Amino acid sequence: MFPWALRYLPGPHQEIFRYQEVLRGFIRHEIFRHKLRIPEAPKDFISCYLTQITKAVDDPVSTFNEENLIQVVIDLFLGGTDTTATTLHWALIYMVQHRAIQDRVQQELDAVLGTAPAVCYEDRERLPYTRAVLHEVQRLSSVVAVGAVRQCVTSTHVCGYYVPKGTIILPNLASVLHDPEHWETPRQFNPSHFLDKDGNFVVNEAFLPFSAGHRVCPGDQLARMELFLMFATLLRTFRFQVPEGSQGLRLEYVFGGTLQPEPQEICAVPRLKSSSSGPREEGL
């Protein structure tokens with residue numbers, strides 16, 4: 001009832017406030033650095049936002065100000081680190097669990113990228129299977145099972161149900177990601193959900209891990225780029241497997257802000273390439 005009181009009560013939660021101030025200090029420093037730059041065309045989010053602050057300086061109702069800029073950057077930090085890292089955790093677990101799929105991803109990466117020094121985001125158009133596998137990771141793991149809390153601003157009807165004004169609404173994203181009407185095998189890891197009969201990548205309208213509409217995740221495109229580049233680079237560089245003597249993988253969720261996998265050990269074995277024999281492996 002009184003969330004503000006948490007700042008004055010002792011306990012381990014005080015560590016959160018300390019980290020928050022460290023992060024806010026870092027962002028303030030970045031904003032200051034941007035202000036010192038020679039005026040030029042905006043090249044990043046902070047630059048664009050500072051430009052909007054300048055344009056709206058005489059607007060009394062403008063919400064463009066430095067405090068809001070700090071909070072938006074914090075939101076991007078939180079959304080872009082926790083959910084992205086958790087999705088990658090699930091991706092590695094699924095690759096270990098489905099060795100044949102991991103092999104096929106690596107074969108596609110080797111065939112398409114060849115000796116290219118790095119993976120580029122534009123490469124995704126030439127890597128339909130890798131792209132499909134990553135989408136299936138996002139679908140099945142359903143890291144953010146429930147979307148952002150919303151409030152109905154006016155009374156309405158949805159699918160025949162009356163929803164009065166003021167109703168608190170929690171979008172159930174997992175329900176559509178696991179809906180048997182939209183997915184052939186909703187509870188199984190199946191990259192074919194995103195491939196046509198010719199192996200081309202296809203979009204499924206029920207793929208909504210970032211929600212939809214006006215309240216879609218603002219970091220949608222950033223997250224897609226991060227996930228693709230990290231996943232493709234990791235799979236191109238390493239083979240992932242459980243350590244010797246392991247009891248196997250645990251696929252149960254740890255419930256929290258996101259649905260995280262349980263802590264467990266996975267080995268990353270470098271994939272060394274030879275021009276005469278193709279990809280091979282060598283343990284550390």
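Computed from the coordinates by the stated procedures, all read-outs in this text should not be read as laboratory data. Fair warning: this is a prediction, and the values are worked out from it, not measured in the lab. When we count neighbours, we look across all protein chains shown, and the Cβ atoms used for this are built from the backbone with ideal geometry, even at glycine.
So I have [x] 1, 5, 10, 13, 13, 10, 8, 9, 8, 8, 6, 4, 3, 1, 0, 0; [y] 1, 6, 13, 18, 20, 18, 13, 7, 4, 1, 0; [z] 1, 4, 9, 12, 14, 14, 13, 12, 10, 7, 3, 1, 1, 0, and one of them is P(r) over Cα pairs in 5 Å bins from 0, in percent calculated from this model. Which one is it?
After the calculation, the listed value that fits is [z].
In Å³ and rounded to a whole number, note down the convex hull volume per residue for the Cα atoms of the range 6-60.
On the way: hull volume 6.2 nm³, N = 55.
It comes to 113 Å³ per residue, whole-number rounded.
Aspartates and glutamates near LYS35 by alpha-carbon distance under 18 Å, same-chain residues fewer than 8 away left out - which ones?
Leaving aside aspartates and glutamates fewer than 8 places away in the same chain, those within reach of LYS35 are ASP44, GLU66, GLU67.
Enter the angle in degrees (range 0 to 90, nearest 10) between the Cα long axis of helix 14-36 and the first principal axis of the Cα atoms of the chain, meaning the one along which they spread out most.
Helix 14-36 sits roughly 80 degrees off the main axis of the chain.
Using the 10 angstrom Cβ neighbour count as an exposure proxy, how do LEU127, LEU222 rank, fewest first? Working shown, then result.
Values: LEU127 21, LEU222 15.
Neighbour counts put them in this order, fewest first: LEU222, LEU127.
Ranked by Cβ crowding within 10 angstrom, fewest neighbours first, how are MET230, MET225, MET95 ordered? Don't jump to the answer; show the numbers that get you there.
Details: MET230 17, MET225 13, MET95 25.
By the 10 Å Cβ count, ascending: MET225, MET230, MET95.
As I understand it, the value is the acute angle between the Cα axis of helix 128-141 and the longest principal axis of the Cα atoms of the chain; what does it come to in degrees, rounded to 10?
Compared with the principal axis, the helix lies near 60 degrees.
Which FRET efficiency value, to the nearest 0.05, do you get for ILE38 and THR237 by plugging their Cβ-Cβ distance into 1/(1 + (r/R0)^6) with R0 = 41 Å? Please report the intermediate quantities before stating the final value.
Working: r = 38 Å, r/R0 = 0.94.
Taking R0 as 41 Å, the efficiency between ILE38 and THR237 is 0.60.
Given the C-alpha centroids of the range 30-49 and the range 113-139, what is the distance between them in whole angstrom?
Computed from Cα coordinates, the inter-centre distance equals 32 Å.
Cross-link partners among aspartates and glutamates for LYS55, C-alpha distance below 12 Å, same-chain residues fewer than 8 apart left out?
none
What's the angle, to the nearest 10 degrees (0 to 90), between helix 220-237's Cα axis and the longest principal axis of the chain?
The angle comes out near 30 degrees.
Determine the shape class of the range 46-168: with a ≥ b ≥ c the square roots of the Cα gyration tensor eigenvalues, call it rounded for a/c under 1.5, and otherwise prolate if a/b is greater than b/c, oblate otherwise. Write down the numbers at each step before the final one.
On the way: a/c = 2.94, a/b = 1.49, b/c = 1.98.
Oblate.
Please arrange HIS214, HIS193 by counting, for each residue, the other beta carbons lying within 10 Å of its beta carbon, fewest first. All intermediate terms of the calculation are to be shown ahead of the outcome.
Values: HIS214 5, HIS193 21.
In order of increasing Cβ crowding within 10 Å: HIS214, HIS193.
Kirkwood Rh, the range 108-235, all Cα pairs: how many Å?
Taking the inverse mean of 1/r over all distinct Cα pairs, the range 108-235 comes out at 16.6 Å.
Around ASN190, with a cut-off of 12 angstrom between Cβ atoms, what is the net charge of the other residues, counting Lys and Arg +1 and Asp and Glu -1?
Around ASN190, the charge tally is 0.
First select every other residue whose beta carbon is under 14 angstrom from the beta carbon of VAL202; then total the charges, Lys and Arg +1, Asp and Glu -1. Working shown, then result.
Values: positive: ARG124, ARG131, ARG139, LYS197; negative: GLU125, GLU136, GLU184, ASP196, ASP198, GLU205.
Surrounding charge for VAL202 is -2.
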